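The values are calculated or read from the model by the stated rules, or taken from the named source; none is laboratory data. Given the structure is predicted, the values throughout are model-derived calculations rather than measurements. As a convention, Cβ positions derive from the backbone with ideal geometry for all residues, glycine included, and neighbour counts pool all protein chains shown. All accessible areas refer to the heavy atoms of the entire protein, side chains included, with ligands and DNA or RNA removed. Shrake-Rupley method; radii C 1.70, N 1.55, O 1.52, S 1.80 Å.
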Amino acid sequence: MPDTDVTNEVSHFRNKISQEKAITLDFGYLSGVIESWWRKNSVQEMHILKTQLVTLLLSYLRTEDTLYFDKVGLTSGCAAVCIKNVFSFDSPKLALTVHEALADLFHLTDIQYDYEEHKALYLKPSAEKYREWGNGHGDITPHSDDLYESLNVDYLALTVCRDTTKTPTAYYFPSDLLCDLNDEEMHQLLTMQATFISGKNVSGLKERVRHVVEYSELYGFQFSLDFRIDSENGERMRARDGGQHVLDKIRCGLPDAKHHVSTAETGTFLIVANHKILHARPMLNIKANEAREQAQHSTLTTTPRLLFRSKGPRKRYFPLDETTCTQDAH
């Protein structure tokens, strides 16, 4: 007979993760205001522009749209927000300013590793040779970012400056990836640890052992899953002490798994909770020889596809108990 406790635990888990959702917002009502402000102020320094834009956004956004700034990744919130039509014309400086302002409003603390120029994603030399690389031409398998790092990455944000290839970012809810697992396999997943391994963008080899599924009252169920296979280091996620067959079963279902896509158009901002959603990308919608030619002389203004990226932990805010603070005597 099946273990009743295991069955109840798995049923509760399935129910909770099925409630995760993504929100799409349309900022088209604000794009004219942003572009008018930009034409008058674009010559200023980036830090000034970002501060001005944050103020403008908070002044003109509808209240119902600002509510999501505090909700991404929380138990009571949503796992992803895709915002369309923030701006309409192709300007790398405007796209980066919008990206940094919105990332701040969503409380994302961007991180920069010594080994990685992560901010601008576009075709780099030898792009046609590589899969599993944001600057390459090939497809990228569903994964969460930086699971081999000691730091926990809460958020990933992407802003489209241009994409003439019309290749959207895809994102997957774990509930859609795990739906073919039986109760026993799901229970194994809930108790499993895996080793996560770095790939092409890291010199040398980095590793970290994590629980594949974790739970907290604030964030609910969170996942560490990475199905990429690096050309040099192999599988980026490897089960420890058994359970590899569970991960292999999930991998086999990836080609047919339900997923969502962002809008591959100028002015789109996407933010996902890194431990609630896996992101991916199909092969770019251009031929390999065209990608090679583009990458040889690619710049921010000539590349066919330019996205800006931020990733890192959620900013932490601590309540101040004024009754415990000492005050200077007068």
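Data table
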{"item": "Residue among Gly199, Gly267 that alone is open to solvent by less than 10 Å² (accessible area, probe 1.4 Å), out of contact with any helix residue (DSSP H, G or I) (no Cβ under 8 Å at 6 or more places or on another chain) and assigned to a loop (DSSP other than H, G, I, E, B)", "result": "Gly199"}
{"item": "Residues satisfying the stated conditions in segment 86-140, i.e. farther than 25 Å from Gln296 by Cα, among the small types (Gly, Ala, Ser) and open to solvent by 40 Å² or more (accessible area, probe 1.4 Å)", "result": "Ser88"}
{"item": "Qualifying residue in segment 74-90 (condition: of a type in the set (Asp, Glu) and over 22 Å from Ala264 (Cα atoms))", "result": "no"}
{"item": "Members of segment 50-94 that are outside any loop (DSSP other than H, G, I, E, B) and acidic (Asp, Glu)", "result": "Glu64, Asp65, Asp70"}
{"item": "Pairs with Cβ under 6 Å, 6+ apart, first in segment 97-111 and farther than 17 Å from Val153 by Cα, second crowded, with 22+ Cβ neighbours inside 10 Å and among the aliphatic types (A, V, I, L, M)", "result": "Thr97/Leu49; Thr97/Leu53; Val98/Val86; Ala101/Leu53"}
{"item": "Positions within segment 143-189 being polar (S, T, N, Q), more than 21 Å from Ala80 (Cα to Cα) and open to solvent by less than 30 Å² (accessible area, probe 1.4 Å), in sequence order", "result": "Thr165"}
{"item": "Matching residues in segment 216-233 - criterion: being closer than 20 Å to Ala79 by Cα and exposed (fewer than 14 other Cβ atoms within 10 Å of the Cβ)", "result": "Ser216, Glu217, Leu218"}
{"item": "When residues of segment 243-260 are limited to those that are assigned to a loop (DSSP other than H, G, I, E, B) and open to solvent by less than 50 Å² (accessible area, probe 1.4 Å), the one modelled with the lowest pLDDT", "result": "Gly243"}
{"item": "Number of positions in segment 1-52 that are touching a residue at least 24 places away in the same chain (Cβ under 8 Å), under 20 Å from Ile271 (Cα atoms) and open to solvent by 80 Å² or more (accessible area, probe 1.4 Å)", "result": "2"}
